1. Test B:Ile78 against the stated conditions and say whether it is part of a helix (DSSP H, G or I), facing another protein chain (nearest Cβ under 7 Å) and out of contact with any strand residue (DSSP E or B) (no Cβ under 7 Å at 6 or more places or on another chain).
2. Quick check: is even one residue across segment A:116-125 farther than 26 Å from B:Met65 by Cβ, within 7 Å of chain B (Cβ to nearest Cβ) and over 19 Å from the mean Cα position of the chain (by Cα)?
3. Considering each of A:Val114, A:Val101, A:Val137 in turn, give the residue that is modelled with pLDDT of 90 or more and within 25 Å of A:Ala36 (Cα to Cα).
4. So in segment B:7-35, with the set limited to residues that are at the interface with chain A (Cβ under 7 Å from one of its Cβ atoms) and either among the basic types (Lys, Arg) or in contact (Cβ under 8 Å) with a residue 40 or more places away in the chain (or both), which one is nearest to A:Asn119 (Cα to Cα)?
5. Are any of the residues in segment B:40-58 more than 16 Å from A:Phe57 (Cβ to Cβ), facing chain A (nearest Cβ under 7 Å) and within 13 Å of the chain's Cα centre (by Cα)?
6. If you scan segment A:131-147, which residues turn out to be touching a residue at least 60 places away in the same chain (Cβ under 8 Å) and of a type in the set (Val, Ile, Thr)?
7. Which one of these is touching a Ser or Thr at 6+ places or on another chain (Cβ under 8 Å), farther than 19 Å from B:Ile60 by Cα and either more than 8 Å from every other protein chain (Cβ to nearest Cβ) or in contact (Cβ under 8 Å) with a residue 12 or more places away in the chain (or both): A:Leu75, A:Leu44, A:Leu39, A:Leu26?
8. Residues that are farther than 25 Å from B:Met65 by Cα, without any contact (Cβ under 8 Å) to a residue 24 or more places away in the chain and either of a type in the set (Asp, Glu) or not in a helix (DSSP H, G or I) (or both): does segment A:99-107 have at least one?
Amino acid sequence: MGNTGHGETLLFWLGSIVSVLGALGLIFSKKIVHAALALCSVMLCLAFFYMAQGAVFLGVVQVVVYTGAVMMLFLFVLMLIGIESQDSLTETIRGQRFLAVPLVVAFGAVLIGVYAHANLPAFVGTDAVNAKGGGNVTALAQLLFSRYYWAFEVSSAVLITSAIGAMVLTHRERTTPRKSQREQSIERFERWGRGERIQVTGLPNPGVYAQHNAVDTPALLPDGSPAEVSVNATLRGRDTVRGFRPLPLPGQVNGQVNGKQSAKQSNEVSQ
Amino acid sequence: MNPANYLYLSAILFTLGALGVLIRRNAIVVFMCIELMLNAANLAFVTFARMRGALDGQIIAFFTMVVAAAEVVVGLAIIIMVFRTRRSASVDDANLLKY
């Protein structure tokens, strides 16, 4: 089995182009989400390569574990810490970037040179081993639970330790006791008594007495004025708070007279 | 095509991962580049398994995946913890052992 078939040759060249482009995209893309997608494409190409080389189980595990679990974990962390965090351009070690490129090129040249000059034996292929064990998965399992049994046990300890480690690292100890609603209320009244302009009562929810049940609709206070604080601060910052139609005051009789006008106004509101 | 081309591809991918680790500052991108290096090493292992006609290389690649999963969990937890205290995911900002 010195050479591969035409199908695998085509797969290799297509996949190698995609994976090298993906690796370059990982390094040079400005947005981190694009880098994550580029890494996903590299991992998918590697899964195809594993399957083409007779490692069917590893190919499936590559898709499920790497592209599925690990990359999703990366995306979750991206959501937590924000995607707009930019790379800083200040260099702590001066000239590091310019030194890194020739260093890495030299390293790659050494690595490729070693492969080029190595006296590699002819490729045997894994078809015989897979067939002997009754399929790739079975053959791997026989090896895993006999010769590599101890390493398998230790890897379970590694997984449990890392799970506990992640929980310990991300755990936040509460340093002050939690304030009860009563204490919060007393504190608000004390601040109000000192002359601060704060809302003494609890904040109204969006949509209370409102004319629409969307979260960008401000609640109406008992005097009919809108409470802007009831809308999420992000929406207020974007200035997308929905307008409102003034309610008729009890003394005025404008329910029927202004019917058309109010309908027109409500159309404007809903736009 | 000689199957040894897979080895050259894995060397190129490993080198690109190392380049990313050296020139990028964002901790998450650095981490993803480390994952790329681990994947390149896995490809070399699988190719060597094919060369020798034995499945030991695939077993080693399997263990690499296990260790990489554990490493990602702990590493991302550390990144989140550093981000909580410093409001930054840059590796340059975390240059003090305390504070």
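The values are calculated or read from the model by the stated rules, or taken from the named source; none is laboratory data. A quick note: this is a predicted structure, and the numbers were derived from the prediction, not measured. Positions of Cβ are generated from backbone atoms using ideal geometry, with glycine treated the same way; all protein chains shown enter the neighbour counts.
1. Yes.
2. Yes, there is a match, as at least one residue in segment A:116-125 is farther than 26 Å from B:Met65 by Cβ, within 7 Å of chain B (Cβ to nearest Cβ) and over 19 Å from the mean Cα position of the chain (by Cα).
3. When all the criteria are applied, what remains is A:Val101.
4. B:Leu7
5. no
6. Answer for segment A:131-147, where residues must be touching a residue at least 60 places away in the same chain (Cβ under 8 Å) and of a type in the set (Val, Ile, Thr): just A:Val137.
7. After ruling out the rest, the residue left standing is A:Leu44.
8. So far as segment A:99-107 goes, no, none of its residues is farther than 25 Å from B:Met65 by Cα, without any contact (Cβ under 8 Å) to a residue 24 or more places away in the chain and either of a type in the set (Asp, Glu) or not in a helix (DSSP H, G or I) (or both).
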